[in-house]
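Structure first, then comments.
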Amino acid sequence: MKRSRQRTAPWLALVVAVIGLLGASQLTEGDLLRVVRTAWRAVESLQEPPQRGGRSTAQDHPAGQPFSGRPRIIDGDTFDLDGTRVRMQGIDALEHDQQCNRRGGGRFACGAAARDALSELIGGREVTCTPDGSLTHDRVVAACTVRRGDGTVLDLNEAMVRSGLAFDCPRFSKGRYAGAEAAARAEGAGAWAGRFAYPWSHRDRAGACGR
């Protein structure tokens, strides 16, 4: 019913405009131009394909019910999967515009490196995500995995932390990825090889991860 009202609105506007102009007893060139523009908008509205309604909600992907697809990577902890934007649960990756310092000097685009690391871990394969039932900024929060060529299943959330380009968020992970982070730090992996700002500090959201 709502879509029907939206589609008839331009035609009603056109009728009102024509009646108003006729009532004024004269039509100028500008008046005719306005009528033509209104008519054109009405025609375009009828030609538009119906849009998929709204953004994802927690009800679209209930907790514990996996869904799969080939993702489009957004950054080191976010991607689009089968029309749904997913935020990887319990971790926080370096932001897309972040720069980090190398131990021997110089800087590198560590945020872009986080995105590339996630893309490499997935390797163009199908990803399966299991939602926890929550949303953050209209993104479905989920733990995600990918089946590798040797048949083993890789926990992408943990692997990103282990790469040193994402970090454990104990507020949400309950410390599930603390071991992976400790190993990355000890090895000097990713950003741990130099100096960096945590992504929540970069966003000026101290304490967002519970640290």
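Summary table below
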{"item": "Distance between modelled label sites at Arg185 and Arg205, nm, 7 Å Cα→Cβ extension", "result": "2.2"}
{"item": "Three-way shape call for the stretch 67-202 based on the alpha-carbon gyration tensor, with the a/c threshold at 1.5", "result": "prolate"}
{"item": "Förster-model FRET efficiency, 41 Å R0, Arg103 and Val153, C-beta, rounded to 0.05", "result": "0.75"}
{"item": "Global form of the stretch 67-135, assessed from the alpha-carbon gyration tensor, a/c cut-off 1.5", "result": "prolate"}
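We did not get these values from a lab; they are worked out from the coordinates using the rules stated. Computed from a predicted model, the values in this text were never measured in an experiment. Note that each Cβ is placed from the backbone with ideal geometry, even for glycine, and that neighbours are counted across all protein chains shown.
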